[in-house]
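Take a look at the structure below.
The values are calculated or read from the model by the stated rules, or taken from the named source; none is laboratory data. All figures in this text were calculated on a predicted structure; none of them were measured in a lab. Cβ placement follows ideal geometry from the backbone for every residue including glycine, while neighbour counts extend to all protein chains displayed.
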Amino acid sequence: MSTSKPQKKIHTGSRRGENDWRLFLRLVPYARRHGRSLFVSILLLVPIAVANAVEPQLIGQIISLIRKEPNTYEFLKNRPLLQGLNIIEGLLLITLSVRLLFTGFQGYLVQKLGQQITAEIRQDLFHHVTSLAVRFFDKTAVGKLITRLTSDVEVLGDVFSTGAIGIVSDMFSMLVILGFMFSMQWQLAFLLLIVFLPVACIIIYLQKEYRKANYKVREELSLLNSQLQENIIGINVVQLFRREKFNAELFRRNNQRYVHEVDNTIFYDSAVSSTLEWIALIAVAGVLWVGGDLLLGKSLTFGILSAFIFYAQRLFDPLRQFAEKFTVIQSGFTAIERVSEILDEPIEIRDRANPRFSILDSRLGYIDGITHNPELPTENSQAELGEIRFEHVWFAYKDDDYVIKDLDFTIHPGEKIALVGPTGAGKSSIIRLLCRLYEPNQGRILVDGIDIREIPQAELRRYMAVILQEGFLFAGDVKSNITLGDSYSFEEIQQAAAKTNITQFIEQLPQGYDTQLRERGTNLSSGQKQLLAFARAAIRNPEILILDEATASLDVGTEALIQEALNKLLVGRTAIIIAHRLSTIRNVDRIFVLKRGELIEQGSHEELLQTGGMYATLHNLQMLGS
């Protein structure tokens with residue numbers, strides 16, 4: 001037997017920081033799925049920007065027409081004043097209608113696009129999270145995951161709908177306005193451009209600081225959600241041990257940190273708005289000052305000066321909107337970074353590209369790519385099913401702190417095995433490895449001669465059923481908590497309930513099998529939840545049955561009913577039973593005694609008592625206590 005300790009793998013390299021452009025590119029594949037809507041929404045920016053830029057020029061023409069200035073349009077010079085005014089008013093009405101109509105339709109398109117992208121990212125993120133190994137959830141707070149799946153993802157939709165397309169709109173609008181201004185009077189246009197460039201640099205700096213503050217806000221929000229979720233789940237402990245005031249004080253401190261970080265984002269956001277307001281006023285004052293000199297020198301008309309005053313305001317309106325949308329973009333980049341951390345988390349446990357079914361095809365009911373639930377095989381056909389073999393398996397949850405050390409054993413088909421040992425001996429870890437919730441660091445695990453890494457996870461977990469110490473129930477009716485989404489008929493559900501002797505319990509519920517259960521089954525007792533877990537296992541007709549302290553939460557009467565059902569359910573099946581009450585495992589075929597991840601004893605109940613080892617010591621202590 002090899003007892004060589006596996007070498008710790010050393011990982012080098014670090015996550016390289018992504019710039020904003022690379023972060024933005026991560027959203028491009030989602031936008032491509034809606035290319036038509038994106039193209040139409042961008043195309044609508046042209047008439048919107050042109051209509052927005054034409055309006056000040058038409059207002060200037062009204063003044064020029066009234067004053068009969070030389071810059072009046074040629075087709076208006078020889079017309080009566082009232083007729084000319086009516087024509088310009090009609091053109092103004094047309095441009096205003098075009099701008100408002102197209103702006104409304106374009107806003108609807110981009111908002112719809114943002115919501116579609118948000119839904120797709122949320123769906124992909126949920127699928128990725130549920131595909132991650134259990135090891136990831138051991139080190140990640142649930143509240144943080146919820147924050148990233150909800151509020152962080154919600155911000156991502158705004159990156160496209162309000163942010164990216166909005167910024168393109170504002171930049172295009174500013175370019176069109178600058179083009180119209182230079183075509184009318186280059187000196188005033190150049191003056192506004194000189195004012196415009198430095199303020200753009202200030203805005204960019206403030207937005208970078210805003211993004212840093214916003215990242216801290218998202219982190220503090222995650223901590224708040226984690227603490228809230230922890231207190232809700234542990235409300236019994238909170239109230240029983242009178243921790244309300246203590247936990248409230250902890251929450252208050254976290255809440256204050258969150259408010260402080262939010263205040264920082266408000267400061268930078270307000271700084272952007274106030275800066276733009278001041279610069280806009282300075283720009284208008286500059287236009288009036290320089291324009292006044294040009295007007296006195298007869299180099300400029302009142303109509304053009306009036307148009308430039310409106311242009312100065314309109315030039316800074318897109319910049320003001322640009323700054324607001326850039327704030328959305330910065331929040332979005334923060335969200336992309338946080339969501340990307342989850343999406344970049346490697347899926348540790350994957351199915352092989354070409355999984356093997358040569359041995360398990362008929363046993364798993366995998367025929368022509370369709371999974372079936374086979375009927376219970378006869379005793380003769382089942383005699384060869386359910387072999388489990390651990391070959392020199394090592395496993396550690398963290399680094400080289402091994403909880404399983406060189407396990408090497410075989411469980412024969414149809415054999416009943418009990419795992420015994422003190423807390424931390426590795427009993428539950430063996431079950432998790434067998435179900436492939438974790439991968440061993442070294443060695444391999446075989447089911448019926450096939451390495452479990454060669455079997456698709458869904459098929460492997462359909463081949464066995466696990467009943468844990470505490471049955472977890474989902475919100476929904478009793479039927480759905482037995483089938484868990486698989487397509488079983490109502491007759492099959494009733495048969496599974498009858499097999500596990502829980503028909504009477506279910507029929508006593510208000511609506512029987514249609515009784516609605518609350519989240520985590522809070523309207524049922526612990527024992528009742530466990531009864532449904534037994535029916536859940538029975539309906540799947542597994543080849544391997546695993547019981548992890550499965551009867552610990554049952555009262556004596558209920559346990560007797562379940563034990564009778566278990567005796568039937570265990571016939572012809574391989575079974576692994578974890579139990580602390582040694583009196584419940586006397587009749588198993590073999591008992592494996594574990595200590596600190598090592599198999600130190602194995603044998604029947606009588607054999608281990610005669611050996612006088614750890615099992616005999618544990619048994620005598622329990623007998624003495626009883």
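Couple of notes before you dig in:
- Condition met for residue 72 (out of contact with any strand residue (DSSP E or B) (no Cβ under 7 Å at 6 or more places or on another chain), assigned to a helix (DSSP H, G or I) and β-branched (Val, Ile, Thr)): no
- Any pair with Cβ under 8 angstrom, 6 or more apart, that starts in the stretch 497-523 at a residue that is over 16 Å from residue 473 (Cα atoms) and ends at one that is of a type in the set (Asp, Glu) and in a helix (DSSP H, G or I): 501/564
- Comparison of 258, 268 shows that the only residue that is among the hydroxyl-bearing types (Ser, Thr, Tyr) and either at pLDDT 85 or above or touching a strand residue (DSSP E or B) at 6+ places or on another chain (Cβ under 9 Å) (or both) is 258.
- Qualifying residue in the stretch 539-552 (condition: assigned by TED's automatic domain parsing to the domain that holds residue 499 and surrounded by fewer than 15 Cβ atoms within 10 Å (Cβ to Cβ)): no
- Test: residue in the stretch 115-122 that is more than 20 Å from residue 332 (Cα to Cα) and either surrounded by 15 or more Cβ atoms within 10 Å (Cβ to Cβ) or touching a residue at least 24 places away in the same chain (Cβ under 8 Å) (or both): no
- For the stretch 583-626, taking the residues that are hydroxyl-bearing (Ser, Thr, Tyr) and surrounded by 13 or more Cβ atoms within 10 Å (Cβ to Cβ), the one that is modelled with the highest pLDDT is identified as 604.
- Residue list for the stretch 397-424, restricted to those being assigned to a loop (DSSP other than H, G, I, E, B), small (Gly, Ala, Ser) and more than 34 Å from the chain's Cα centre (by Cα): 414, 421
- Taking the listed residues 102, 75, 136, the one that is of a type outside the set (Ser, Thr, Tyr), modelled with pLDDT under 85 and within 43 Å of the chain's Cα centre (by Cα) is 136, with no other qualifying.
- The listed residues are 66, 59, 94, and the only one of them that is among the β-branched types (Val, Ile, Thr), surrounded by 14 or more Cβ atoms within 10 Å (Cβ to Cβ), part of a helix (DSSP H, G or I) and without any contact (Cβ under 8 Å) to a residue 40 or more places away in the chain turns out to be 66.
- Any chance residue 497 is closer than 26 Å to residue 622 by Cβ and buried (at least 21 other Cβ atoms within 10 Å of the Cβ): no
- All told, residue 280 falls short of being free of Cβ contacts under 8 Å to residues at least 12 places away in the same chain, outside any loop (DSSP other than H, G, I, E, B) and farther than 27 Å from residue 336 by Cα.
- Scoring residue 448 on the criteria (1) surrounded by fewer than 18 Cβ atoms within 10 Å (Cβ to Cβ); (2) under 25 Å from residue 585 (Cα atoms) leaves a single failure, condition (1).
- Residue 481 being closer than 30 Å to residue 347 by Cβ, crowded, with 17+ Cβ neighbours inside 10 Å, of a type in the set (S, T, N, Q) and touching a residue at least 12 places away in the same chain (Cβ under 8 Å): yes
So that you can scan it fast, the table gives a plain yes or no per residue for (1) in a helix (DSSP H, G or I); (2) among the basic types (Lys, Arg); (3) in contact with a Lys or Arg (Cβ under 9 Å, 6 or more places away or on another chain):
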{"site": "237", "(1), (2), (3)": "yes, no, yes"}
{"site": "242", "(1), (2), (3)": "no, yes, no"}
{"site": "249", "(1), (2), (3)": "yes, no, no"}
{"site": "252", "(1), (2), (3)": "yes, yes, no"}
{"site": "259", "(1), (2), (3)": "yes, no, no"}
{"site": "264", "(1), (2), (3)": "yes, no, yes"}
{"site": "269", "(1), (2), (3)": "yes, no, no"}
{"site": "273", "(1), (2), (3)": "yes, no, yes"}
{"site": "276", "(1), (2), (3)": "yes, no, yes"}
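Residue-by-condition table, conditions (1) within 30 Å of residue 335 (Cα to Cα); (2) in contact (Cβ under 8 Å) with a residue 24 or more places away in the chain; (3) surrounded by fewer than 17 Cβ atoms within 10 Å (Cβ to Cβ); (4) aliphatic (A, V, I, L, M):
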| residue | (1), (2), (3), (4) |
| --- | --- |
| 30 | yes, yes, no, no |
| 38 | yes, yes, no, yes |
| 41 | yes, yes, no, no |
| 46 | no, yes, yes, yes |
| 52 | no, yes, no, no |
| 73 | no, no, yes, no |
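- Residue 485 passes every criterion in (1) under 28 Å from the mean Cα position of the chain (by Cα); (2) closer than 19 Å to residue 548 by Cβ apart from (2).
- Residue in the stretch 551-566 that is of a type outside the set (D, E, K, R) and closer than 30 Å to residue 394 by Cα present: yes
- Test: residue 591 is touching a Phe, Trp or Tyr at 6+ places or on another chain (Cβ under 8 Å) and hydrophobic (A, V, I, L, M, F, W, C): yes
- Lone qualifier among 113, 125, 101 - being more than 19 Å from residue 26 (Cβ to Cβ), in a helix (DSSP H, G or I) and either in contact with a Cys (Cβ under 9 Å, 6 or more places away or on another chain) or among the aliphatic types (A, V, I, L, M) (or both): 101
- Boolean, residue 176 is at pLDDT 80 or above, in the same structural domain as residue 272 (by TED's automatic domain parsing) and surrounded by 22 or more Cβ atoms within 10 Å (Cβ to Cβ): no
- Residue check for residue 235: of a type in the set (A, V, I, L, M), at pLDDT below 75 and either out of contact with any Pro (no Cβ under 8 Å at 6 or more places or on another chain) or at positive phi (or both): no
- For residue 273, the conditions (1) at pLDDT below 80; (2) buried (at least 16 other Cβ atoms within 10 Å of the Cβ) are fulfilled apart from (2).
- If you filter the stretch 491-521 down to residues that are in contact with a helix residue (DSSP H, G or I) (Cβ under 8 Å, 6 or more places away or on another chain) and among the small types (Gly, Ala, Ser), you find that the one that is nearest to residue 538 (Cα to Cα) is 496.
- Looking across the stretch 466-485, the residues that are in contact with a strand residue (DSSP E or B) (Cβ under 7 Å, 6 or more places away or on another chain) and assigned to a loop (DSSP other than H, G, I, E, B) come down to 468, 469, 473, 475.
- Of the set (1) closer than 23 Å to residue 555 by Cα; (2) within 32 Å of the chain's Cα centre (by Cα), all apply to residue 503 but (2).
- Within the stretch 185-198, residues that are farther than 18 Å from residue 300 by Cβ reach partners that are among the hydrophobic types (A, V, I, L, M, F, W, C) and surrounded by 17 or more Cβ atoms within 10 Å (Cβ to Cβ) with beta carbons closer than 6 Å, at six or more positions or on different chains, in the pairs 195/283.
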